[in-house]
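The values are calculated or read from the model by the stated rules, or taken from the named source; none is laboratory data. Keep in mind it's a predicted model, so treat the numbers as computed, not measured. Here the Cβ positions follow ideal geometry from the backbone for every residue, glycine too, while neighbour counts run over all protein chains shown. The protein model used for the area step is the full one, side chains on, heavy atoms only, and it has no ligands, DNA or RNA in it. Shrake-Rupley method; radii C 1.70, N 1.55, O 1.52, S 1.80 Å.
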Amino acid sequence: METGLVNLVFELDEEVTLPGVVTQVASKRVAELTEADAVADGFRDLRELGDRLRFHYPDIAPTDDIAIVHFRVTS
């Protein structure tokens, strides 16, 4: 994934699409995630982030690579 203009799609009760910009993309292994990563993504702590990742991706492993995408809504 590259930085630049995007349409951000949020799946809530209804699907919401907003214009935005990806400002940074970083790659980490699941085991390298930190408390700071979790809090920056809106979670209370690393445990909550891990629980959510396992909910969405039941087979996720500590050695799997993930993309951390920093973005902002532009509207």
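Residues T63, T17, T23: which one is without any contact (Cβ under 8 Å) to a residue 12 or more places away in the chain, polar (S, T, N, Q) and either outside any helix (DSSP H, G or I) or open to solvent by less than 80 Å² (accessible area, probe 1.4 Å) (or both)?
On the way: T63 fails: without any contact (Cβ under 8 Å) to a residue 12 or more places away in the chain; T23 fails: without any contact (Cβ under 8 Å) to a residue 12 or more places away in the chain.
Criteria check complete, one pass: T17.
When R54 is evaluated against the numbered criteria (1) surrounded by 11 or more Cβ atoms within 10 Å (Cβ to Cβ); (2) closer than 17 Å to M1 by Cβ, which criterion, by number, is the only one it fails?
Going through (1) surrounded by 11 or more Cβ atoms within 10 Å (Cβ to Cβ); (2) closer than 17 Å to M1 by Cβ one by one, R54 breaks only (2).
Which residues, taken from the stretch 26-39, are closer than 20 Å to M1 by Cβ, touching a Ser or Thr at 6+ places or on another chain (Cβ under 9 Å) and open to solvent by 70 Å² or more (accessible area, probe 1.4 Å)?
Matches in the stretch 26-39: R29 only.
Closer than 24 Å to T3 by Cα, charged (D, E, K, R) and under 11 Å from the mean Cα position of the chain (by Cα): does that describe D65? Even if it seems obvious, please write down each step before you answer.
Working: closer than 24 Å to T3 by Cα: yes; charged (D, E, K, R): yes; under 11 Å from the mean Cα position of the chain (by Cα): no.
No, not satisfied.
Does at least one position in the stretch 26-41 carry a residue that is free of Cβ contacts under 8 Å to residues at least 24 places away in the same chain, over 14 Å from the mean Cα position of the chain (by Cα) and part of a loop (DSSP other than H, G, I, E, B)?
For the stretch 26-41, residues free of Cβ contacts under 8 Å to residues at least 24 places away in the same chain, over 14 Å from the mean Cα position of the chain (by Cα) and part of a loop (DSSP other than H, G, I, E, B): absent.
Which ones in the stretch 37-63 are among the acidic types (D, E) and within 16 Å of S27 (Cα to Cα)?
D37, D41
Can you tell me how many residues in the stretch 40-51 are modelled with pLDDT of 95 or more and open to solvent by 30 Å² or more (accessible area, probe 1.4 Å)? Don't jump to the end; show me each part of the working.
Start the filter on the stretch 40-51 by keeping residues that are modelled with pLDDT of 95 or more, which leaves 43-51.
In the following step, the residues that additionally are open to solvent by 30 Å² or more (accessible area, probe 1.4 Å) were identified as 43-48, 51.
Selection size over the stretch 40-51: 7.
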